[in-house]
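The values are calculated or read from the model by the stated rules, or taken from the named source; none is laboratory data. Please read all numbers here as calculations on a predicted model, not as lab measurements. Backbone-built Cβ (ideal geometry, glycine too); neighbour counts: all protein chains shown. Side chains are part of the model used for accessible areas, which takes the heavy atoms of the whole protein and leaves out ligands, DNA and RNA. Shrake-Rupley method; radii C 1.70, N 1.55, O 1.52, S 1.80 Å.
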Amino acid sequence: MSAAWLQELRREAAARFEELGYPTTRLEDWRYTNVGALAKTDWVSGEGRHDDVTPADLEHLTFPVFACSLFVFVNGHFAGDLSSPRALAGGVEVTTLSDALRDDPEGLRGRLGGLADSKRRAFAAQNLACFEDGAVVRIPAGVEIEQPIHLVFLSKPGAAPTDSHPRVLVVAESGSRATLIEDYVTFGEGEFFTNAVTEIFLEPNADLEHVRFQRESARGYHVSSLHVRQERDSRLAAHSISLGATLARNDVEATLVGEGAHADLYGLFLGTGRRLVDNHTTLDHAVPHTTSQELYKGILGGRSRGIFHGRVIVRPDAQKTDARQSSKNLLLSSGAEIDTKPQLEIHADDVKCSHGSTIGQLDEDALFYLRSRGIEEEQARALLTRAFASEVTDAIRSDVLRQRVQDQLLEILESE
Amino acid sequence: MLKIEKLHARAGDAEILKGLDLEVRPGEVHAVMGPNGSGKSTLANVLAGRPSVEVTAGKVLFEGRDLTELEPEERAREGIFLAFQYPVEIPGVSNLYFLKAALNSRRKHLGQEELDAMDFLTLAKEKAKLVEMDEALLNRAVNEGFSGGEKKRNEVLQMTVLEPKLAILDETDSGLDIDALRVVARGVNALRAPDRAMLVITHYQRLLDYIVPDVVHVLAGGRIVRSGGKELAQELEEKGYGWLTEDAA
Ligand SMILES: Nc1ncnc2c1ncn2[C@@H]1O[C@H](COP(=O)(O)OP(=O)(O)OP(=O)(O)O)[C@@H](O)[C@H]1O
Ligand SMILES: [Mg+2]
């Protein structure tokens, strides 16, 4: 029997989702992204059964397990037999949300659902009402771990369209340093919908790298939101790597509530075929002396469509804010489209805010140069495209992960 | 090896080559000289297959095959190599990776085994030494931030690694100091063989002291207006092009 506050929270969320319904393109934030097909589908809650998934399958889908502490979720349910928390040191805790709620519900009170606003956000409300399970990560004060914590969310569609609502809660205590990877992959065929919510609390001086690496299969809808609250002198590096799914919507929201806090937001999104990738970011500078830097790169081919919407808020008190935003996009075909829009809401006067966006094509001279050395045109295009992405991928700290992201990008580009 | 007949080519809206004839036999080195804007690089681009240059009439045969039918990468695999007048900077692609991909595509075409990373590294280092190129440049992005001279050396390095049948050097000597010039010449001379040929585009007699050509051509107004032995280069150095281009016009 779960805690009363939690039952109440989930009941409210369910009611709120009922009320809001799925967003429509009449809403400003969803203008470009029509989730009508998703809304019309009868989703069946995904099962956690995974007898047919071997560790080898998993390595093939993700990357070598030796590199990280691994925690696997199948359709949102924890799969202990596929997980291996081998490299956790220094008292770092990774528990399932269900265990945490059973053993120490009070510890989660105010945190769970504390950042992802389920009053306004339909998908966040749906997740809160429906989550099967999830991960709770705690990095104790002063602890620095090198080995990334690797959370794998495997969508495993069944015979009927399958949905899952994974949820992650992270508390990085003061002075800690860690890398957390959320890895979204698909096993098997079929239609699915992943609705993921992550909330991260960065206490003073904490330093967290968060990488969300989404490469689900083409029959999936992927909606995610990341919410971060940053206290004094904390540092966030959030990477949103969005390579898969037929429709992907990624929201990233960082609120800087302590002086000296800094956020780096990186994004890399790929559209092929008729896919749609929509990125909405919000950087909320709530107090003086906070800084942020944002670089999003879009690669759009076929008849795909990309959206980058970057909102920066500087609150009235937040003097000496320094916020830089850059959106760079590569169109690989004449049928592809990108909409990029900065939205600066600046209510203080002594601030530095900049934004810029570019839309370009592959450099024909570079293409000819590579081809003139015997490199096949398709390979040359893929190489130049990967090179375009490298400004973002180079910022990933983990070598294994960076390599995997680059390789996967090349694989997808060469197979198109 | 290379036979060009009545070649007409256009770039943009302009016709640049207007009935050019040229024949190069295996083992020969030909120099092409001529005023700025006369069409030398356009000729080089036609041979390498730059998509923005369109052949409108005439024939270009390489070992009896119609070159214009081949994609740039196919020409490279057949053994054509162009050292660019302006090598392109490619941020984000490592020089070593690029060179390895280039060599392996050629080896594959020739039915040879592809080199693995280790063997390739050994080869690349050895060739870098030959052209006196700093090894550090191998690990940088292709030409990115290279000095003018370093870019030219990188072209020569690629040529040395790829061992083409027909090498076209488009002003590889421009902007080089005397030592670098010697190095380029050494790279070229090391490749000289009875079954290979070279087309050396240059403005300076100086390079031809190191790479002695069999034939010197003057390209002006989109055509070869004069061909001769190596003494023609000497004559041009003294008299300029005026006396030739007046005839052409
Ligand atoms: N894409 C293009 N569109 C229009 N004109 C072009 C194009 N490319 C080349 N040209 C013109 O063609 C002419 C020949 O150019 P090319 O580069 O072949 O000369 P070049 O003999 O190599 O000169 P240089 O000695 O200065 O290198 C020039 O007048 C140049 O401006
Ligand atoms: Mg030229």
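Using a 1.4 Å probe on the protein heavy atoms, what percent of the accessible area of chain A belongs to carbon and sulfur?
On the way: 7480 of 15990 Å².
With neighbouring chains kept in place, the figure for chain A is 47 percent.
Determine the order of A:353, A:68 by accessible area, beginning with the largest, at a probe radius of 1.4 Å.
Working: A:353 40, A:68 5 Å².
Greatest to least solvent exposure: A:353, A:68.
Where both partners of a DSSP beta bridge lie in segment A:4-258, what percent of those bridges are antiparallel, to the nearest 5?
Numbers: 7 of 75 bridges.
Counting DSSP beta bridges with both partners in segment A:4-258, the antiparallel share is about 10 percent.
As a test of reading the structure, rank A:222, A:60 by solvent-accessible area (1.4 Å probe, protein chains only), most first. Spell out each step's value before the answer.
Working: A:222 0, A:60 145 Å².
Result, largest first: A:60, A:222.
Sequence gap at least 6, Cα distance under 8 Å: using those rules, report the relative contact order of segment A:191-281 to the nearest whole percent. Show your work: numbers first, answer last.
Working: 242 pairs, mean separation 26.9, N = 91.
Relative contact order of segment A:191-281: 30 percent.
If one takes the accessible area of chain B alone plus chain A alone and subtracts that of the pair, with a 1.4 Å probe, what total in Å², rounded to the nearest 100, results?
Buried surface at the B/A interface: approximately 2000 Å².
Alpha carbon centre of segment A:134-157 versus segment B:183-249: separation in Å?
Using only Cα atoms to place each centre, the spacing works out to 67 Å.
Per-residue mean of other chain beta-carbon atoms within 10 angstrom of the beta-carbon, peptide B:98-107? Working shown, then result.
Working: counts 6, 1, 0, 8, 5, 2, 2, 5, 2, 1.
Mean partner-chain Cβ count within 10 Å for B:98-107: 3.
With θ taken as phi - 60° and the coefficients 6.51, -1.76 and 1.60, list the Karplus ³J(HN,Hα) couplings across segment B:173-190 in order, rounded to whole Hz; mark glycine and proline as x.
Working through the residues one at a time gives 7, 5, x, 9, 7, 4, 5, 5, 4, 4, 5, 4, 4, 4, x, 5, 5, 5 Hz.
Which of the lysines could a cross-linker bridge to residue A:119, judged by Cα under 30 Å and excluding same-chain residues fewer than eight apart?
Partners within reach: A:40, A:156, A:341.
Around residue A:268, which amide H atoms from residues at least 5 apart in sequence, or from another chain, sit under 5 Å from its own amide H, with H modelled in the peptide plane?
A:240, A:241, A:242, A:297
Applying the Karplus parametrisation 6.51 cos²θ - 1.76 cosθ + 1.60 with θ = phi - 60° to the phi angles of segment A:98-106, what ³J(HN,Hα) value in whole Hz is obtained for each residue in order, glycine and proline being reported as x?
5, 5, 4, 6, 7, 7, 8, x, 5
Once each part is reduced to its C-alpha centroid, what is the distance from segment A:235-280 to segment A:26-94 in angstrom?
18 Å
Taking H as built 1.01 Å from N, whose amide H comes closer than 5 Å to the amide H of residue A:184, not counting residues under 5 places away?
A:153, A:213, A:214, A:215
For the pairs B:100/B:152; B:40/B:152; B:100/B:151; B:18/B:59; B:125/B:165; B:3/B:239, flag any whose C-alpha to C-alpha distance is greater than 24 Å. Walk me through the numbers before you get to the answer.
Values: B:100/B:152 19 Å; B:40/B:152 18 Å; B:100/B:151 18 Å; B:18/B:59 12 Å; B:125/B:165 22 Å; B:3/B:239 30 Å.
Where the Cα-Cα span goes over 24 Å, the pairs concerned are B:3/B:239.
Ignoring solvent entirely, what values of log10 I(q)/I(0) come out of the Debye formula for segment A:89-152 at 0.16, 0.18, 0.22, 0.25 Å⁻¹ when each Cα is a single scatterer?
-0.66, -0.80, -1.04, -1.16
For a quick check: with amide H placed at 1.01 Å from N, whose amide H comes under 5 Å from residue B:83's, ignoring anything fewer than 5 positions away on the same chain?
Result for residue B:83 returns B:168, B:169, B:170.
How many angstrom lie between the C-alpha centres of segment B:88-113 and segment A:351-395?
First find each Cα centre; the distance between them is then 17 Å.
Could you work out Rg/(2.2 N^0.38 Å) for segment A:36-169, with Rg from alpha carbons only?
1.14
Please report the equivalent ellipsoid semi-axes of segment A:4-258, computed as sqrt(5 x eigenvalue) of the Cα gyration tensor, largest first, in whole Å.
Details: eigenvalues 138, 103, 58 Å².
Each semi-axis is √(5λ); the values are 26, 23, 17 Å.
To the nearest 10 Å², what's residue B:243's accessible area with a 1.4 Å probe?
For residue B:243, the solvent-accessible surface is approximately 70 Å².
Would you mind telling me the share, in percent, of accessible area of chain B contributed by carbon and sulfur at probe 1.4 angstrom? Present the calculation step by step, with values, prior to reporting the outcome.
Values: 5020 of 10790 Å².
That fraction is 47 percent.
Per q in 0.08, 0.11, 0.12 1/Å, what log10 I(q)/I(0) does a Debye calculation on the alpha-carbon atoms of the protein assembly as shown return?
Summing over Cα pairs of the protein assembly as shown leads to -0.71, -1.04, -1.15.
Can you sort B:127, B:230 by 1.4 Å-probe accessible area, starting with the largest? Can you show the working numbers first?
On the way: B:127 30, B:230 120 Å².
Most to least solvent-accessible, the answer reads B:230, B:127.
Given bins 5 angstrom wide, list per bin the percent of all Cα-Cα distances in segment A:364-416, short to long.
Binned Cα distances yield the sequence 4, 21, 26, 20, 16, 9, 3.
If I fit a long axis through the Cα atoms of helix B:95-109 and take the longest principal axis of the Cα atoms of chain B, what angle between them do I get, 0 to 90°, rounded to 10?
Taking the Cα atoms of chain B, the angle to B:95-109 is about 80 degrees.
Give, to the nearest whole percent, the P(r) tail of chain B beyond 24 angstrom, counting all Cα pairs. Numbers along the way, then the final one.
Numbers: 14114 of 30876 pairs.
Roughly 46 percent, once rounded to a whole number.
Work out from phi, with θ = phi - 60° and the Karplus expression 6.51 cos²θ - 1.76 cosθ + 1.60, the ³J(HN,Hα) of each residue of segment B:81-88, listed in order in whole Hz, and give x for Gly and Pro.
Couplings: 9, 10, 8, 5, 5, 10, x, 8 Hz.
Counting only other chains, and only Cβ atoms inside 10 Å, what mean value do you get across the residues of B:140-147?
Mean inter-chain Cβ contacts per residue within 10 Å come to 1.
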